[in-house]
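Read-outs throughout are calculated quantities, based only on the coordinates presented, and are distinct from any laboratory measurement. The model shown is predicted, which means the values in this text are computed figures rather than measured ones. As a convention, Cβ positions derive from the backbone with ideal geometry for all residues, glycine included, and neighbour counts pool all protein chains shown.
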Amino acid sequence: MNEQQQKHQRTKRVLKIVGAVVAVGGLALAVTGLADFFSSFGSGDPPKLFWCAFVGFPMLAIGVALLLFGFRKEIARYVKNEATPIFNEAAREIRPGVSDMASAARQGFAEGVPCPRCGAANDRDAKFCKECGAPLRRVCPACGNEVSADAKFCDGCGKPL
Ligand SMILES: [Zn+2]
Ligand SMILES: [Zn+2]
């Protein structure tokens, strides 16, 4: 281990210790402040130690940040080794549900044939719009196949309509 790594190691150790001390101190202050705040509700006195919470919460945040920084490598390793399979597993679990929802949404869309004139959703086998009476189906002049009113090409022979 070279000198720089040693220095890095030392810095990290200091970060962990300082982070732990600050986080614990901040937590203690925050709890003291909150406890005083809530106990003052009962007694009717104004909270005297509420400032502790104001000091404690930022201290707790700073301490946790220092700890996270000190344990960054460990956390990164943990996340890489432990969390990735969990994420993959979660994705595997979620994916069928999502695609189910997507196909359900597609189905819902396909369920209603939009009227070319007024846009109302009509039943798939409807021949006329139930809102405005516009014809929803036409007959292909080339092959006689019945096509939906908004079709651009005949789905029976492929001729443009
Ligand atoms: Zn219509
Ligand atoms: Zn046709």
Subject >> At least 24 Å along the helix axis (C-alpha) and Kyte average at least 0.0, DSSP helices within the chain >> reply: 3-43, 50-70
Original post:
Any idea how far apart Asn145 and Glu89 come out in nm if each label point goes 7 Å out from Cα toward Cβ?
Top reply: 5.0 nm
Original post:
Quick one: Karplus J couplings for the stretch 117-127, per residue in order, coefficients 6.51, -1.76, 1.60, θ = phi - 60°, nearest Hz, x for Gly and Pro?
Top reply: 8, 10, x, 5, 7, 10, 4, 4, 9, 5, 9
**OP:** Name the residues whose placed amide hydrogens come within less than 5 Å of the amide hydrogen of Phe128, ignoring near sequence neighbours (fewer than 5 apart) on the same chain.
**Re:** Leu136
Subject >> Under 29 Å from the Cα of Lys12 - lysines, other chains or at least 8 residues apart >> reply: Lys73, Lys80
**OP:** State the volume of the convex hull built on the alpha-carbon positions of the chain, expressed per residue in Å³ and rounded to an integer.
**Re:** 305 Å³
Original post:
Near the amide H of Val113, under 5 Å away, which other amide H atoms are found, from residues 5 or more places off or on another chain, if H is placed in the peptide plane?
Top reply: Asn122, Asp123, Arg124
Original post:
Does the stretch 112-161 classify as rounded, prolate or oblate by the C-alpha gyration tensor (a ≥ b ≥ c root eigenvalues; a/c under 1.5 gives rounded; else a/b over b/c gives prolate, otherwise oblate)?
Top reply: prolate
Original post:
Which cross-chain or sequence-distant (5 or more) residues have an amide H under 5 Å from the amide H of Val147, H modelled 1.01 Å from N in plane?
Top reply: Arg138, Val139, Cys140
